[in-house]
Structure formats: C-alpha cells, structure tokens
1. Tell me the Rg and the Dmax, in Å, that the Cα atoms of the protein assembly as shown produce.
2. At 222 nm, what helix-only mean residue ellipticity would the protein assembly as shown give, in deg cm²/dmol to the nearest 500, using -39500 (n - 2.57) for each DSSP H run of four or more?
3. Taking each residue in A:80-89, count the Cβ atoms of any other chain within 10 Å of its Cβ, then average. What number comes out?
4. Would you tell me the mean number of C-beta atoms belonging to other protein chains that fall within 10 Å of each C-beta in B:403-409, as a whole number?
5. Once fully extended, how much extra length lies between residue B:533 and residue B:179, figured as 0.36 nm per residue of separation less the alpha-carbon to alpha-carbon distance?
6. Among A:91, A:16, A:83, which one moves the most in a GNM of chain A with springs linking Cα atoms closer than 10 Å?
7. What does the extension gain come out to for residue B:186 and residue B:237, with contour length at 0.36 nm per residue minus their alpha carbon separation?
8. Could you please report the charge total around residue A:219, scoring K, R as +1 and D, E as -1 over all other residues with beta-carbon less than 11 angstrom from its beta-carbon?
Amino acid sequence: MTQPTIVEIRNLQKSYDQKLVLQGIDLQITAGQIIGYIGPNGAGKSTTVKILCGLITDFQGEVTIFGKDLRRQTVEIKQQVGYIPENAALYESLTPLEFMEFVGEMRGLGTDQTRRKAEALMGIFEMKPHLNQRIATFSKGMRQKVLICSALLHNPDLIFMDEPLSGLDANSVIMVKEMLIHLAREGKTIFYSSHLMDVVEKISDRIILIDQGRVIADGSFDELNKLSQDENLEKMFTRLTGNTDHSQKAEAFIHAFEK
Amino acid sequence: MIRFILSLFIPFKWFIEKMGADYQQFIRILNLKLTLDDRRVSKFSRRKENGQGKMMVRQSIFQIFIGALFGMFIILIKSPFTFYYMAHTLVMVMMAMMIISEFTTILFDTSENAIIQPLPIKGNTVSLARNAHVFIYLSLMAFNLSVITLIIAFFRFGIFSGLIFIFTIFLNVLFTLFFANILYLCIMRLASGERLKNLLMYFQIAIAVFFMAAYQIGLKMIDRSVITDMVLPVNWYTYLFPPAFFSGLTEALTLFIFDPPHLKFIAEALIVPPVAIYITGKYLTPVFNRKLMELEQGDRVSKIKTESVRESLWYRLMAAIFVSKQDEKAAFKLMWKMTGRERQFKQTLLPSVGYVIIMIIAPNISHKFSLSDLASGDKYIFVLYIFMFISAGLSSSLLIGNNSSASWIFKALPSSSPAGFFKGCIKAAFARFFIPLYLIIAMVVCTFWGIRVLPDVLIALLCIYLFSLLLYYFQQPGFPFTLEKTAIQGGSNTTKIFGLIILTVIVAFLHKFLLHWFDFASIILIPLYIGAIYYVNRIMVYRKISWQEVDQVNNYS
C-alpha cells in the first residue's frame, strides 16, 4: 500500500546576507519513514530543519506538511510536529517538570496529563529522580534527554531531530535508536539530521545527502550502495562530498607541527 | 578604539611586568575582553546589528546627562575644595550604583575562561587583565559623569585646575576598584556556592539602596540658601574620605595652597590609590579569582535542591484573577516560577523597590515633621503613585538575563500570536512582585489616612497596572530573560522613563484635582481605567505584539 506524502518541499531556498545556504531543495517524504538527513558542516541541514519546524519563516519555495501550507498554516502544522534541536539551551532556573508542563499546556494538554507523560518519558531515560531539580545542575546529556522527552510529550506524527544523540551516553543512544525504529513502525515519520554516519546507516529507511545547499544523493542505503559500490555510508559520504583526500590532510596536519 | 585603549598601557609595561604578569599575554587577554564587550549587544539583538557600538554612545549620553544634572546643582559653589569634593562624591556614588548590577557581567565575567584557562597563562596575568578591563569600564563611566563638571571647572577655576581634576578622576577610579575588591572579598568569606551567589545579589541590592539613601538624605540635609558659600569643614575624619584626598589635591594645585592639611590631602591622593591598586593586583585579585572559580564550581559540588511542585494559595488566587486563556495560564505559571528564581531579574528590580521607599521617606525627614499634619493632607496620593517606578523597573527587568538561546521553544510551539504569552508574563510578574508590596503600602496608607482613601488606593493600583501593561507591551518584545542589560539601556528606554515621570505627575494631579472637586469624584476614574485595561489586554496587545515584531528581536538558534 502506498503511504501518504507527509512533507512536500519544492525549490526550497534560503539565504543569509546574500549567501545562498539552501539552493533549491526538492523532497517528498512519506509517512512511517525514518529519513536520514546528512551532509558536511554548513551544508544547510539545521537550516532545513528549522524551516520545516517553523523557526525560520523567511524562505523561498513551497513547503507543505500534512497537506498544509507551512507559511499560512504554521500553527496547525506545529501541533502535529515534534522538534529536538541541536545543543539547544533551556531555561536553567526551571526544572524539567516545569519546562514540560509549560510545553504541554501550550500544546493544549492538561497539567495532570502532562505530568503523567513527563514522568513516564523521563522514567524511560532514568531521569525520574531529577524531575524536580533545576536544569542548571544537569549535564549536557541530561539536558538532551529533557529535550527529547519534551518533543514527544504530545505524541507527534512527525518528529524533526537535529543531532538528537549529542551528549547522550551509550545506553541512551541505543535506547533512542530503538525508540526511533518503534516510532516509525507505529506510523510516525522521523526526519533525522546527523553527522553520525553509522547511526544513520543503521536506522534510516531513506538517506538524503546534501552538500552546499543541494541534494546530491537520495535513496535507501541499498539503492545508493548499488549505484556507488561504496562499502559503507561514510565512504559514500566522503566521495560524494568531494573530500577524498583525508589522509593527505592528516599528513599536512602533522607537518604543520614540525614547522 | 580598542587599539587606542590598548596603546594607553604601553607606558605601564614595567608596572605590569613588576606585578608578575606577562605583558604580551596581558594585552592579548585585554584585547579579547574588549572585543567580546564590543560585540555583546549585537549578539543578542538582531536589531542592533547595524548599530554596533551605538549602544555605548547612548549609555555615555545617559551618563553625561546625569552628570549635567548634578553640574547644575554644584555650579554655584565657590570653594574649589567643596566643588571638587561634591564632584568626586558623585563619581564614586554613581560608579558604585551603576557597577553594582554590571559587576556580575564585568567583574564576575568568566565567559572567556574557556579560551584562557587551557592556555599556559599565569594567574597574575589573567587577574591583572581582569582588573584592567574593569578599570577601563569604570574610567569611561567616571569620565562621562564628570564631563560637564569638568567644563564648569575649566571656566570657574582655570584649565590647569580642570586638568588636575581629570588626573584625580583616574585616581578615584583606582581607589573604587580597590574598594570594590575588598567589599566582595569580605562577602565571599561568608558563604560559598549557591548561597554566596544569593548573598552577593542581596548585598549588591543593599549597597545600591544605601547609596541612594545616603544621596537623597544628604541632599535633604544641605541648606540650599548658603550653597554658594558652602564650605566643607576639615575635621580629623575628613582625611578618611577618599573624595577629600582628591579635592584637597586639586584645590592645593588650583590655589597654590600648601599648608599642612593640603599637604596631607596631596600625600593621601598620591599614595593611597597606587598602593591600593598594587595591593589589589598583587594580593586581592588572585584570591578573588580563586574564589570566583570556586563559585563557578559551586553548582556542581553543592547539594542539589529539589523544587516543590505544590502551588501556593496566593499563586492560585492570582492566577484565577489575572488569567483565563490557556497560553496566558501557561506563561503565567512559567513566569511565576522564574521570577522567583532569576537572580538578574531580582538584582535589577529590587533596588527600585528600595529607591521608592527612600523617595517616600526622604522628603519627610525634617525637624518640622508631624504625623497629624501628614494625616490631614493628601500626600498619600504621592505615596501611591510613586510606586509607578517599580512598574517601570518590572517591565524592563523581565527582559534581562542570560537565556538568549532558550527562546527557540516559544517559536517551536503552536501559537498563532505571541501576545498571549507576553500577557501572561507581565501579569505574573505584576501579581507576584508588585501586588504584595502595594498591599503593604495600602495598609500603611489606610492606617494613616483612614479607610476613606480606599477608593484612591484602588484607582492608583488600576492606573499603575495599566501603565505596567503599556510599558511592557511597548518595549522591545523580547522573550523573558533573554536580553543583555546593555541591549535595553540607553536612548529609547531613558525617553520612556522620562515620559513615565511626566505621565505619572499628570495622572496623579488629575486624581488630586478630582479629589478636591467634590467628594468621591475620583471614582469616575475606576471605570475609565478598567475600560483602558480591557482595551489594552483584549485588542491593543494583539496588534502590537506579533510574530513579525518578536522575530526581529529574538534569536532562535
């Protein structure tokens, strides 16, 4: 059975001070997929995610999510979307429970319902004892767990993740990977932007590689592998982004010390 | 500008090295600090990007204006000693007051530690660079405050006298720096970790209020009829006041008087500040830095506090009165918690509470004061409306904080207009901080003037609430605690405060006029204010605060 299209992007462009960061992205994303969105630093990954989540509003091109126009029906789209930002700051004087209560209530959930969900989600990450402690006392990984739980509070149909594993310990990384696979099986769509090739390779149904604001490869790992004959995603990534001279660069780095 | 400032340290290379610092590293660190300062405003406010550096000019204009107001007061003083004594006192008092809140970002600033700490730099170099940075900051402030006084001095006492005054301003700054270090070190001995941070905050507030009280009450004590001939008597204790050292030196060189008292002042002025700065650099600052690092680590080592999830009866009562819509309720709850915890918010707002209390008490300090006279008049109108200044502080204090990167959450949530959130914020701050204070003053007023003034208490409350809303909605629409203090200071804010003073006087006089017209005539103001509040909260705020406006100020990255 053909899955419905959840996200449709046509000629998406974005520039910062006349520098074109996204140079015309075209994508169609169907329900229940995990999309691995990869690219080198400055390729435009976070910008794409921020546009799709409604954080950046001045862009060119057409974006529809759940059949709704992103420019005109932003609020309706945000109601069905969860967003986990990369290295995002949180109000440090709040506790995770207070922060999640605010997020839940702004999303129309009741206080009791939000508390129950927050306790359940934080419990999965073994964070329940920290629910009423100020975020100021948390490590980077603990903060990331708060962000993940907050993004999933309202059971969104589409989840945007920008480097969600940043700062997490090994057990939490495995847990999040499993969680993503389960969410996709339940019909959720996951847009996963990351630098971690091995994670993207393992969990993604479809991999989109962007470089300098353009899509340069799009397909499942097997499809891309058939075309490129690269043994893993990392090799494919380095070849397609034109950075094959890593060993020469490493050698130059060592020489730089000697000078 | 930075290059010019750095070049001023070249003649002091020997001194810097004598203090145990590496001169080249010292200059590099200072350059880094000044560069970070220069870019601080634009980092947090996209609107300011095109006007980098303009904020410093605006701040300077504000300080020059304060100095000018004072200059008008002392212009008539004939005695150079008294004139310069007053000028130096102003510089010291204003520096103390202004740096109180800035010290957290200047003296306690550790933002560049991540860059500096891993590098092989001696502690003395870092300490000295930190002091030099604060010295530059204070010197600029002191010079701005004194520029009008200096012009007056040039005309009144001659160019040479004015030049000596400039020299003594720098000596004054050196002494103030020493004094601040001593004070903060004393405080740091009392506590550590989170307790110390709170203690420092309350200490800073107390100092600001103390200086304001000393200034107001001091002014009140002076008999203005003899201001032109005012001469400060020199007693044994005069030699203990730093402004006396500097004014004594300036007078001695202006009038060429070298009698024993003047020689003592000259010796004090030339010996005390250099010795003080030597002690500061060599002994105090290294201890200060060590304490500062302990303070930074305090969060990790002190016991982690668990917050209560219980909602107080006062909170529930206020929420029931003030908010009804879901987004407003969520914002109200969030802000209620945060305003009780954010140190910078309390540090900015609480001094204004102290100032208001002083402004109520100071005019009544007189030998002729009598309670019966007070109760028979209508001075309570002044007492009630003076609280308007707290509401002015409230709206701007809600913006100041270090959470610029945390505002993404508001944009990520499904809200068609940010207005509801902003409404919840100001209402929470008003209900949590203003209403309890106002209730206390209302009880005091009703005790002195009788229950008959209760309608007037209500009218003033409605009026102040209306003004609080207007001030908050008409300032930069920044999310709570996301802007640096420098980003909201200066031109428009100053204009707004002066506008508010004028408006306060107008509405207070209108109220007073209605009181004298016929009994309870002022009651007509109640529906008027309620109508205005309704219009502002239901219609105007949605027109004024849109995502388009909010996106201009906030950074969601």
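Just so it is clear, none of the values below were taken in a lab; they were calculated from the coordinates. Predicted model only: the values in this text are computed from it and were never measured. Here the Cβ positions follow ideal geometry from the backbone for every residue, glycine too, while neighbour counts run over all protein chains shown.
1. When restricted to Cα atoms, the protein assembly as shown yields Rg and Dmax of 30.9, 104 Å.
2. My calculation for the protein assembly as shown gives -19500 deg cm²/dmol from helical runs alone.
3. Across the residues of A:80-89, the mean count of other-chain Cβ atoms within 10 Å is 4.
4. Counting Cβ atoms of other protein chains within 10 Å of each residue's Cβ and averaging gives 6.
5. Computed gain between residue B:533 and residue B:179 is 122.7 nm.
6. Its mean-square fluctuation being the largest, the pick is A:16.
7. 16.0 nm
8. Combined, the nearby Lys, Arg, Asp and Glu give -2.
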